[in-house]
Amino acid sequence: MPPFGLLHVRAWVSVFSQLLRPSGLVCIREVHFHSQVSEAVLTSQLKPHQEKSNFIIKTPKGTRDLSPQQMVVREKILDMVVGCFKRHGAKRLDTPAFELKEMLTEKYGEDSGLIYDLKDQGGELLSLRYDLTVPFARYLAMNKVKKMKRYQVGKVWRRESPTIVQGRYREFCQCDFDIAGQFDPMIPDAECLKIMCEILSGLQLGDFLIKVNDRRILDGLLAVCGVPESKFHAICSSIDKLDKISWNDVRHEMVAKKGLAPEVADRIGDYVQCHGGVSLVEEMFQDSRLSQNKQALEGLGDLKLLFEYLTLFGIAEKISFDLSLARGLDYYTGVIYEAVLLQTPAQAEESFNTSGQKIRTTETQVFVATPQKNFLHERLKLISELWDAGIKAELLYKNNPKLLTQLHYCEHMGIPLVVIIGEQELKEGVIKLRSVASREEVAIKRENLVAEIQKTLSES
């Protein structure tokens, strides 16, 4: 896992160029007037420099302006993304656009060369943030926060060669959802993957697949293939390029530029070109080399558990175990994942929903609880039904939480409703719906639960 038990999912929202193409030029007199004045003022201020350098008025390389029309589309997309984050109980956080350079350069490995440094302004060496993850880790450490579910939306900067056609910019908007803390394995990761599916389905960009891997599996793979530990990060960075360049090119980089023995690179190639579902996880358990590595076995065990939870969430078919997924950044140490589109993005629908509810620290409407042990699977199935119905719901990331702990959490967070499922409820085909404020409980048939919750919320 990343530092401080950080688990994360990112929706990279740079606003796809096909969705934001200008719809045409509208010319009216007032617009021309103000444009002419602005241009006259600007050219007057820059005139001495223009004579020497032929100054061109343009945006910096790798950046762009977004027109008001484009911002309408962007805001609808962000509203949908943020709405999903809130539905899952996240709090909002903001951090500075720049951080201490020393902190940033130690976290990104080879990518540290892509960080924008700022001129010294009073004794501190600063850099623009490369992503939102390291600033979040810094916030947790600085404030001694041990648990937090947060989201953040903001611009980040990377000094790389921009490819505008592919949507690669030097300045872009990043949306983060992070769960920090120590919890039972894979429950938070499963929710993060569920969120990714909800967002990508909601944006209607076409078919997609979420690739998952584990850095422990990758490190174990490199070890059994004969890669020196000192080269792990460098080789991971090469493997991470397999979605952009061919295996032959990656192999050449490993051997010619990073000094890896050709036979070691070939052994790596046998693994990193494999992808599949839970059956591939089982196959890797039986692999004669990989099964001898403790790290790899731990990672495979967690992935098997993860697929079990993903099946309960109904999204296992959208997930692919991909041994080529590496994520080159140094702070990844556990489960890693990223989504890829399987076709050209479709035109986004205009009808993105917006939330008119009053803003709270969290907007969770319903908490899924149980008074008994061994009911995690039932809770996961139940909460998935609520999420799919658009209800903002949460549960504790414990296999066997105490009921009092769950109820105290609802009171502390101001969650108005609790649904309770136990042995008796399961046997009778009902769910108990509890008002946190009045502590009154009513039994509702399982098939009527969503409608009853929606009715209760609309009346409150």
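Taking the Cα of residue 373, stepping 7 Å toward and past its beta carbon, and measuring to each backbone N in the range 164-195: which are under 19 Å?
Residues 184-185 fall inside that zone.
Using a simple spin-label model with points 7 Å from Cα along the Cα→Cβ vector, what separation in nm is obtained for residue 258 and residue 400?
Each label point lies 7 Å from its Cα, and together they span 4.4 nm.
Tell me, what is the FRET efficiency for residue 163 and residue 67 to the nearest 0.05, using R0 = 22 angstrom and their Cβ-Cβ distance as r?
Details: r = 22 Å, r/R0 = 0.98.
Step by step, r from the Cβ atoms, then E = 0.55.
For residue 182 and residue 57 in one chain, what is 0.36 nm times their gap in residues minus the Cα-Cα distance, to one decimal in nm? Walk me through the intermediate numbers first.
Working: separation 125, 0.36 × 125 = 45.00 nm, distance 5.11 nm.
Residue separation times 0.36 nm, minus the Cα-Cα distance, leaves 39.9 nm.
Name the long-range amide H neighbours of residue 430: under 5 Å, sequence gap of 5 or more, or other chain; modelled H, no Pro or chain starts.
Excluding prolines and chain starts, which carry no amide H, the hits are 446.
Go ahead and run the numbers for FRET between residue 246 and residue 119, Cβ-Cβ distance against an R0 of 60 Å, rounding to 0.05.
Details: r = 41 Å, r/R0 = 0.68.
With R0 = 60 Å, the Cβ-Cβ based efficiency is 0.90.
Mind scanning 144/194; 147/402; 147/294 and naming the pairs with a C-alpha gap bigger than 21 Å?
Details: 144/194 29 Å; 147/402 18 Å; 147/294 28 Å.
Too far apart for the 21 Å limit: 144/194; 147/294.
With the dipole of the range 133-254 worked out from charges on the C-beta (+1 for Lys and Arg, -1 for Asp and Glu) around the Cα centre, which of 226, 193, 140 lies farthest toward the positive end?
About the Cα centre, the residue reaching furthest to the positive side is 140.
In straight Cα distance, which aspartates and glutamates are under 17 Å from residue 373, not counting same-chain residues fewer than 8 positions off?
184, 423, 425
Given the peptides 417-423, 94-100, 174-180, 250-256, arrange them by the average over their residues of other C-beta atoms within 10 Å, most packed first.
Averaged packing, sorted descending, gives the order 174-180, 417-423, 250-256, 94-100.
Would you mind computing, in nm to one decimal, how far apart the modelled labels at residue 438 and residue 413 are, each placed 7 Å from Cα along Cα→Cβ?
That separation, rounded to one decimal, is 2.3 nm.
Which whole-number value in Å² is the accessible area per residue of the range 66-196, probe 1.4 Å?
Values: 5950 Å² over 131 residues.
That works out to 45 Å² for each residue.
The values are calculated or read from the model by the stated rules, or taken from the named source; none is laboratory data. Note that this is a predicted model, so its numbers are computed, not measured. Backbone-built Cβ (ideal geometry, glycine too); neighbour counts: all protein chains shown. The area values use the complete protein model at the heavy-atom level, side chains included, leaving out ligands, DNA and RNA. Shrake-Rupley method; radii C 1.70, N 1.55, O 1.52, S 1.80 Å.
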